[in-house]
Amino acid sequence: MEERDLKIIEQYGETDPELKTLWEEHMLFERQLAKFEEKAYLTPAEEQEMKTLKKQKLDGKTKLAAALDKYKK
């Protein structure tokens, strides 16, 4: 995430519930993925869950970028 985006989130996150929710979800996915990445070995179920989390994170990041775009203009 770029510094400019982080400043926008910090500035408008409290007044824009969508932006705040998208950011919180993004950070949640980051923490969940970090737990999997710490492991030396993943079970097939964990690998599948990690793939699902990555897809959800990517989808959320796309939505977050769209929400940030309205403040960049």
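Any read-out appearing in this document is the output of simple, stated calculations on the displayed coordinates, not a laboratory observation. This is a predicted model, so every value here is computed, not measured. Cβ placement follows ideal geometry from the backbone for every residue including glycine, while neighbour counts extend to all protein chains displayed.
Other residues whose C-beta falls under 13 angstrom from the C-beta of residue 14 contribute a net charge of -3, scoring Lys and Arg +1 and Asp and Glu -1.
Put simply, the C-alpha atoms of the chain give a gyration tensor, and the ellipsoid matching it has half-axes of 28, 11, 10 Å, longest first. Computed from phi, the 3J(HN,Hα) profile of the stretch 23-33 under the Karplus parametrisation 6.51, -1.76, 1.60 (θ = phi - 60°) reads 5, 5, 5, 4, 5, 4, 4, 4, 5, 5, 5 Hz, with x in place of Gly and Pro.
For the stretch 3-10, backbone phi angles converted through the Karplus equation (6.51, -1.76, 1.60; θ = phi - 60°) give residue-by-residue couplings of 4, 4, 5, 4, 5, 5, 4, 5 Hz, Gly and Pro being listed as x. The loop-placed chymotrypsin sites (Phe, Trp or Tyr not before Pro) in the stretch 36-73, going by DSSP, that have at most 11 neighbouring Cβ atoms within 10 Å of their Cβ come out as 41. Given +1 at the Cβ of Lys and Arg, -1 at the Cβ of Asp and Glu and no other charges, the dipole of the chain around its Cα centre is 240 debye to the nearest 20. Applying a DSSP loop filter and a limit of 15 other Cβ atoms within 10 Å to the trypsin sites (Lys or Arg not before Pro) in the stretch 24-66 leaves 39. In the chain, the sites counted are GluC sites (Glu not before Pro) in DSSP loop states with at most 16 other Cβ atoms within 10 Å, and the longest stretch holding none of them, exclusive of the sites, is 15-73.
Cross-link reach is defined here as a Cα-Cα straight distance under 17 Å, omitting same-chain residues fewer than 8 places apart; for residue 51 the aspartates and glutamates meeting it are 25, 30, 37, 38, 59. Taking the C-alpha atoms only, the angle from helix 44-72 to the longest principal axis of the chain is near 10 degrees.
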